[in-house]
Amino acid sequence: MSDVSVDIEVVRAEIAEEVRRRRAGGAFDALRERELEQLFHQYAPLQGRDGALAETLRAVDVTAYIDPHVPVASSQPAGTAVKRGLRKASFWYMNWIAAQVTRSLSTVARSLHLIDDELTDIRKTLDGLTLSGSPVIALDGADGASAWWAKEARAMAARSTGRVLVSACADGWLVADLVASGGDAYGLDPRTGLIMEAEIAGLDLRDDDLLEHLDAVADDRLSGIVLNGTTEALLPAQRRRLLRRIERVLTTDAVVVLHAVHPDAVDGDDVPAELDLAGARPLRPTTWATLLAEMGFATTVAIGPTGADFLVTATRGRLSVAP
Amino acid sequence: MKVAFVTPRYGPEVMGGAEGAARSLAEHLVADLGHEVEVFTTCALDHLTWDDVLEPGDSVVNGVTVHRFRSAAGRAKEFFILDGAIRSAPSAVSMEEGNRWVEANGPVTPDLLDALEGSTADVVAFYPYLFYMTVHGIGRVRQPAVLHPAAHDEPALYLKPYRAAFGAADAFCYHTRAERHLVERVLPVAETPQIVLGLGTNAEVSRGRSGAEILGTGDRPYVVCVGRVDEQKGAVMLANFFIEYKRRHPSDLVLAFVGPHSSTLPESDDIVITGIVDEEDKWDIIADALVSISPSAMESFSLVVLEGWVKGVPALVNGTCGPTVENCSLSGGGLWFDSYGSFELSLDRLLASPQLRRQLGEAGRDFVRRTFDWPVLIRRYEAFLEQVIERGRSMS
């Protein structure tokens, strides 16, 4: 990265604020701005997801008005005059039609805004139960190839006979290890900056959220999953969703490796602030072992040397048999 | 390594788009890394009719062996009626109707698919997803199949035949993360091995002339928009935005459109349209621009933004275009606008600060060098294909 890089998000936020300020102060001609908005949205993709509903509604508003003033520009001599004459002669008719269509579209637009308002209220109410992504919880010194749990995690994941997903894969150290030993592995980590170098170097790493990713995985396609630092900040509904997804995407013969912060360590100062901010409480290792056992896994639990984190390994089907 | 590409059109006569990208990859695999590459394609040049124009048979184009086949059918007359019918609810369209759409879209190429089955390549790359040869070919090849979707958020992506085609791919090669997110949102293929590769930038060339000299704008500063001057590419919108900008901020500033001209723009003394220029003039014009603007909302990658960065020119892109916004965001090399207001303020900010322009331009240049320089990019592609081949061997 260039040493003179600038924070684009800061610049954009300043610009957005200035646009808001000027618009509120009447600095833009509203009619002209509306015409330009119409041009902008003419070929813009309409997106109804990922917070783009407001954008789509803006496009609906912009296009709801039907202009009865038919353009009269012409490349033919006298064409403009002829068109202008026709427009004048038929304006009463065009205006009557356009007014009705505009009225109808405006009613539709208004109803969509009412639905959006309702959805916004519901979203605010459900804010604490959001099912979108959760932060990665990384303890200092507890991640990477030299971490206490790395050897066991590597050995267990390597027993998998198919594709293995490594969550919160950071710089891809475990994915690289598994691939180097002939395995089939890929990684996820929403911290884009961490994965970019290894991704460019050839590892299959993606900056995606775990739950959203699992939604897009076909049934019975993964043979192993490593959950590293991705379960502690999950709210109960998210945890249930994760377990359902894991059950669906894993094959009968499968491995689960789970490394997480121990709940007894949550009150200490070494736990990342993200966990406090998430408002979630990590589960105890025995609880995870019980949940995984309910899915047919044989489990083992190991507590880290400082007691701050733990490792649960789980196998089922033919992989339950010790190699 | 021997690689086969399957693409509906191929050759230097085919400009831009997915087919151009396929040709770049094929030629760089041969020229830079010494691999053997063959291409299975049609005799068509026109993507609207798929009429057979070129001679069928084998030839060698820049070191790449090209096998051309006649199409059994091109674009069907009823295509646009069928297309209109599927648009409102494409995911509800039956498999049979979906297959009819694929056939009507053309080109229908049974001979090509028969020949492809006899290919001795180690890996087959299909580019792009949309056409008959991909839908019906990807499940037929015995080698590992890489799909370069070049997907947009369009109704066809939701049709059932594509679900089967994507499901049969052994790996995906995407232009951008935005494209991957789109595909994974629509189709359950997230676990399939993939790479976000993008496209490589061509070597910059120059005659050493100033951009203003080529444009004939004297000593007036200018911003540039390189690419097709087309309403659908946002050119009309940009021209209107710029005229409004100049009305509100009188100055000597000029907007230069550089590329083939297919839409009528509003007349203005502040707008110059060059039409088609050669590579040297294009690079010289870009080099002296203050800002490179990409107004298009429907780009799957946009090489022209990268070409601006190669010359250290900051970008200003359409905020509804996922791929160009993604590249600006990842590189820190540009801003994006989603209204006239944000266009005006962004342009104002860039024009007012040579330091900001330099910072963004250098960040963009650094990003291109690390990610999209051909030597970097083609090595990444080579390693990816080798992994796909190895994975295919271990699974068979």
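The values are calculated or read from the model by the stated rules, or taken from the named source; none is laboratory data. Keep in mind it's a predicted model, so treat the numbers as computed, not measured. Glycine gets a Cβ as well: all are built from the backbone with ideal geometry, and neighbour counts include every protein chain shown. The area values use the complete protein model at the heavy-atom level, side chains included, leaving out ligands, DNA and RNA. Shrake-Rupley method; radii C 1.70, N 1.55, O 1.52, S 1.80 Å.
Summary table below
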{"item": "Cα centroid separation - the stretch A:289-319 against the stretch B:85-118, whole Å", "result": "48"}
{"item": "Exercise: per-residue mean of other protein chain Cβ atoms within 10 Å, A:27-36", "result": "4"}
{"item": "Rounded if a/c under 1.5, otherwise prolate or oblate - the stretch A:141-207, Cα gyration tensor axes", "result": "oblate"}
{"item": "Ranked by how many other beta carbons lie within 10 Å on average, peptides B:322-332, A:221-231, A:278-288 from highest", "result": "A:221-231, B:322-332, A:278-288"}
{"item": "Radius of gyration and maximum dimension Dmax of the stretch B:351-390, Cα, Å", "result": "16.0, 53"}
{"item": "When chain B is reduced to its Cα atoms, the Kirkwood hydrodynamic radius in Å", "result": "22.2"}
{"item": "Gyration tensor over alpha-carbon atoms, the stretch A:150-320, equivalent ellipsoid semi-axes in Å", "result": "22, 20, 16"}
{"item": "Sequence-distant aspartates and glutamates (8 or more away, or on other chains) whose Cα lies within less than 14 Å of B:LYS246", "result": "B:GLU267, B:ASP269, B:ASP270, B:GLU344, B:ASP348"}
{"item": "Hz values of 3J(HN,Hα) by residue in the stretch B:163-177 - Karplus curve (6.51, -1.76, 1.60), Gly and Pro given as x", "result": "4, 5, 5, 5, x, 8, 6, 8, 6, 10, 10, 9, 6, 8, 5"}
{"item": "In the stretch B:24-88, the trypsin sites (Lys or Arg not before Pro) that fall in loop regions by DSSP, at most 16 other Cβ within 10 Å", "result": "B:ARG70, B:LYS77, B:ARG87"}
{"item": "The stretch A:231-323: C-alpha gyration tensor shape, a/c 1.5 cut-off, then a/b vs b/c", "result": "oblate"}
{"item": "Peptides B:93-102, B:145-154 ordered by average Cβ neighbours within 10 Å, highest first", "result": "B:145-154, B:93-102"}
{"item": "Directionally averaged projected area (convex hull, Cα atoms, the stretch B:71-228), nm²", "result": "13.7"}
{"item": "Alpha-carbon centroid distance for the pair the stretch B:148-187 / the stretch A:195-231, whole angstrom", "result": "18"}
{"item": "log₁₀ of I(q)/I(0) at q = 0.05 Å⁻¹ - the protein assembly as shown, Debye sum with one point per alpha carbon", "result": "-0.28"}
{"item": "Per-selection Rg to Rh, chain A - Cα, Kirkwood hydrodynamic radius", "result": "1.16"}
{"item": "Chain A - percent relative contact order, Cα under 8 Å, separation 6 or more", "result": "13"}
{"item": "Cα gyration tensor shape of the stretch B:211-371, rounded if a/c is under 1.5, else prolate or oblate by comparing a/b with b/c", "result": "rounded"}
{"item": "Shielding by partners - mean other protein chain Cβ count within 10 Å, residues of A:199-207", "result": "5"}
{"item": "Protein-protein interface of the stretch B:182-207, residues with accessible area decrease of at least 30 Å², isolated chain reference, 1.4 Å probe", "result": "B:GLU184, B:ARG185, B:PRO188, B:ALA190, B:GLU191, B:GLN194"}
{"item": "Cα-based convex hull, the stretch A:8-127, per residue volume (Å³, whole number)", "result": "170"}
{"item": "Cβ neighbours within 10 Å from other chains - mean over B:320-333", "result": "3"}
{"item": "The stretch A:88-194 - Rg (one decimal) and Dmax (whole number), Cα, Å", "result": "27.9, 85"}
{"item": "With Cα atoms, 0 to 90° folded angle of helix B:17-33 axis to chain B main axis", "result": "80"}
{"item": "Too-long pairs where the Cα-Cα distance tops 31 Å, listed order kept, from B:LYS233/B:LYS311; B:LYS77/B:LYS282; B:LYS2/B:LYS311; B:LYS160/B:LYS233; A:LYS124/B:LYS233", "result": "B:LYS77/B:LYS282; B:LYS2/B:LYS311; A:LYS124/B:LYS233"}
{"item": "Sum of side-chain charges, B:TRP283 neighbourhood, beta-carbon under 13 Å (Lys, Arg +1; Asp, Glu -1)", "result": "-4"}
{"item": "Heavy-atom accessible surface that A and B bury in contact, both chains counted, 1.4 Å, Å² to 100", "result": "4800"}
{"item": "Spatial extent of the stretch B:115-172: Rg and Dmax, with the Cα atoms as the point set, Å", "result": "11.0, 35"}
{"item": "For the stretch B:270-358, alpha-carbon Rg relative to the globular expectation (2.2 N^0.38 Å, N residues)", "result": "1.05"}
{"item": "Percent of C-alpha pairs per 10 Å bin, the stretch A:205-271, short to long", "result": "18, 49, 25, 8, 0"}
{"item": "Highest average packing first - B:238-248, A:300-310, Cβ atoms within 10 Å", "result": "B:238-248, A:300-310"}
